[in-house]
Every structure is written in structure tokens, then in C-alpha cells.
Amino acid sequence: MHMPVRNQHDSPLPPQHALRRTRLGGLWTSIALFAIILVLLLVFILQNGHRVDISFFGAHGHLPLGVALLLAAVLGILLVMIPGTGRIIQLRVIAHRHRQVDAAPASSTSDSPERRGTPAEQEEA
């Protein structure tokens, strides 16, 4: 149920005066939050400027501690995102197959011998 928006005198506002969320407003909020996070990261990197030795699969180098930790965090995020992206694609393909089965007329799916069971059952076969 939609509750009417009220003004400070507790009387309902007309619908044309109610403010709705927009994509641009959401984008502005996201950019503001992103800017705050970037400032915090910059402070973190500047406060952790000690040089450390880094070794990775035979490669050796020297990086500031803040940069090394930030790089490790980004690589960790990528390790999570890659399989997550694969799973999202897999679920979209399955959902697309379900929509195709639901959109097909009932008579054509029941008469066809190769179209038995749900799409998930068909994948297992």
C-alpha cells in the first residue's frame, strides 16, 4: 500500500509534489560515497609508505606497504568476482531456458519426446 507523503503540517502532499528517487540522484550518491572511499584509501596509502620487499613466483620488488596491501585486496576481490561472474552467467542461461519453456505452448512441449522434464533435469541428462 502506498502511503501519502506528508508535509510539516501533517497534511498529505499532492502526488505531483512528491519527490521520487531518480537514477541521477542514485548516481550522485554513489559518486559521493566513492569519493569518500578514495580519500580514505589515499590516507591509508600515505600513512603506510614504508618500503617492503615483495616476492611472488620468483619476481622480487620493493613497494610501499600501503600499495602492496591495496594490490593484495584488489587481487582478492578479483579472485571472488571471476567465479561469481561465471555463476551469474550460468544462472542467466538457466533462467532463459525456463522462460523459453514457459513461453512455449503446452501442447508442443507435451507432444515432443525430447522435451521432457524441467530445463534443469534436461541439463543433467
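Tabulated data for the structure shown
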item: Candidates I82, I54, filtered to the one that is among the β-branched types (V, I, T) and either touching a helix residue (DSSP H, G or I) at 6+ places or on another chain (Cβ under 7 Å) or modelled with pLDDT under 90 (or both); result: I54
item: Answer from R51, R20, R87 - the residue that is under 21 Å from the mean Cα position of the chain (by Cα) and among the basic types (K, R); result: R87
item: Output for the stretch 57-74, where each listed residue is over 22 Å from V39 (Cβ atoms) and either touching a Leu at 6+ places or on another chain (Cβ under 9 Å) or surrounded by 10 or more Cβ atoms within 10 Å (Cβ to Cβ) (or both); result: G61
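The values are calculated or read from the model by the stated rules, or taken from the named source; none is laboratory data. In this text, all values refer to a predicted model and were calculated from it rather than measured experimentally. Because the Cβ atoms are built from the backbone with ideal geometry, glycine has one as well, and the counts that use them run over all protein chains shown.
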